[in-house]
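*Asks:* Questions regarding the structure given below will be posed in turn.
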Amino acid sequence: MSTQAPIRRMTVPQIRAKKGGEPIISLTSYHAHTAAIVDKYADFILVGDSLGMVMHGMDSTIGVPLDLMIMHGRAVVRGTKRALIVVDMPFGTYEESPNMAFRNAAKIMKETACGAVKLEGGARMAETIHFLTERGIPVMAHIGLTPQSSHVMGGFKTQGRDEETWAAHINDAVAVADAGAFSLVVEGVVEPLADKITAAVDIPTIGIGASAKCDGQILVLEDMLGLNPWVPKFVKKYGDLGPAIERAVADYAEEVKTRTFPGEDHVYR
Ligand code: KIV
């Protein structure tokens, strides 16, 4: 008989209850084995649609298909035990109507066994967020710089530089919180605006490029590991894996070329 208590995953109410408390730790992950490492430290793991850019070489998130999100979502759920897993709804799978959003969010939850979905947009998505949460789908919202709208925004630009725009962003935050979102990613906004948004809502704000004024932080794993040739200016690199991988590949290539590649001990048996 086992005497060990079962490991339980972080739940949506537990994340929500962290408002104003200990900072929420989160990262993206797209891969079972890296997710298992992140799982030891993160409250939640986001399978974000940035996977289109950091894993598949796309130049934006616009072309990411639903099935790709589901495939990576499954891998991350398989690799983890503790963290809440949140899967992004990709562009074109939720904006048209609450019914469409429900159909696709339910598909994501059934096929990945994740605990929540994330979608981009503020006040304009409030009706959909309400529709989903009323029907059992926990929603994390995402406001400020919303990459799926980068064409409308004219690129990946910091939001809120002009104080006159603050009211609209705060209104977005309040609208998604009132609609039932359990937390809110705030991306690419100036610090005083992040501070005001965090004070205006009773759900935790998760910042990315939005200062330490939020209730928690998220980064794209490959960015903070130094695995991407280009990363946004605000990203601190905690690792330098790109050059480390290159060194390993170069060493291997050299051993193959010079026939010093390990012999007997390394034969598959
Ligand atoms: O897709 C993603 O990585 C995200 C983060 C930027 C929050 O949505």
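The values are calculated or read from the model by the stated rules, or taken from the named source; none is laboratory data. Owing to the predicted nature of the structure, the values given are computational and were not obtained by experimental measurement. Neighbour counts run over all protein chains shown; Cβ positions are idealised from the backbone, glycine included. Protein only, heavy atoms only, side chains kept; ligands, DNA and RNA dropped before computing areas. Shrake-Rupley method; radii C 1.70, N 1.55, O 1.52, S 1.80 Å.
*Asks:* Given 223, 178, 172, 202, which one is of a type in the set (D, E, K, R) and touching a helix residue (DSSP H, G or I) at 6+ places or on another chain (Cβ under 6 Å)?
*Replies:* That would be 172, the only listed residue that is of a type in the set (D, E, K, R) and touching a helix residue (DSSP H, G or I) at 6+ places or on another chain (Cβ under 6 Å).
*Asks:* For the stretch 122-157: of the residues being assigned to a loop (DSSP other than H, G, I, E, B), away from the ligand (no atom under 13 Å from the Cβ) and in contact with a Phe, Trp or Tyr (Cβ under 9 Å, 6 or more places away or on another chain), which is least open to solvent (accessible area, probe 1.4 Å)?
*Replies:* Within the stretch 122-157, the match that is least open to solvent (accessible area, probe 1.4 Å) is 137.
*Asks:* Let me ask something additional. Just for the stretch 208-225: of the residues that are over 15 Å from residue 24 (Cβ atoms) and in a loop (DSSP other than H, G, I, E, B), which one is farthest from the ligand (Cβ to nearest atom)?
*Replies:* 225
*Asks:* Would you confirm, using the coordinates I've provided, whether residue 160 is touching a Ser or Thr at 6+ places or on another chain (Cβ under 7 Å), free of Cβ contacts under 8 Å to residues at least 60 places away in the same chain and farther than 20 Å from residue 63 by Cα?
*Replies:* no
*Asks:* Show me the strands (runs of 3 or more DSSP E) entirely contained within the stretch 1-113 in which 1 or more residues are without any contact (Cβ under 8 Å) to a residue 60 or more places away in the chain.
*Replies:* Once the strands (runs of 3 or more DSSP E) in the stretch 1-113 are filtered for at least 1 residues that are without any contact (Cβ under 8 Å) to a residue 60 or more places away in the chain, what remains is 44-47, 84-88.
*Asks:* Return yes when residue 87 is under 29 Å from residue 40 (Cβ atoms), hydrophobic (A, V, I, L, M, F, W, C) and buried (at least 20 other Cβ atoms within 10 Å of the Cβ) and no when it is not.
*Replies:* yes
*Asks:* If you don't mind, another one. May I ask you to verify whether residue 83 is at pLDDT 95 or above, more than 13 Å from the ligand (Cβ to nearest atom) and within 14 Å of the chain's Cα centre (by Cα)?
*Replies:* yes
*Asks:* Taking the stretch 158-181 as the search range and keeping residues that are of a type outside the set (Gly, Ala, Ser) and in a loop (DSSP other than H, G, I, E, B), which one is farthest from residue 12 (Cα to Cα)?
*Replies:* By that ranking, first place goes to 162.
*Asks:* Now a separate question. When you scan the stretch 254-263, do you find a residue that is in contact with a Pro (Cβ under 9 Å, 6 or more places away or on another chain) and open to solvent by 20 Å² or more (accessible area, probe 1.4 Å), even just one?
*Replies:* The answer is yes; a qualifying residue exists.
*Asks:* Just to be sure I understand, how many residues within the stretch 160-182 are more than 11 Å from residue 144 (Cβ to Cβ) and within 16 Å of the ligand (Cβ to nearest atom)?
*Replies:* Summing the residues that are more than 11 Å from residue 144 (Cβ to Cβ) and within 16 Å of the ligand (Cβ to nearest atom) in the stretch 160-182 gives 3.
*Asks:* May I pose another question? May I ask you to verify whether residue 119 is of a type in the set (A, V, I, L, M, F, W, C), more than 14 Å from the ligand (Cβ to nearest atom) and touching a Phe, Trp or Tyr at 6+ places or on another chain (Cβ under 6 Å)?
*Replies:* No.
Every residue, every condition in (1) under 19 Å from residue 148 (Cα atoms); (2) assigned to a loop (DSSP other than H, G, I, E, B); (3) among the polar types (S, T, N, Q), yes or no:
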position	(1), (2), (3)
184	yes, no, no
196	no, no, no
227	no, yes, no
231	yes, yes, no
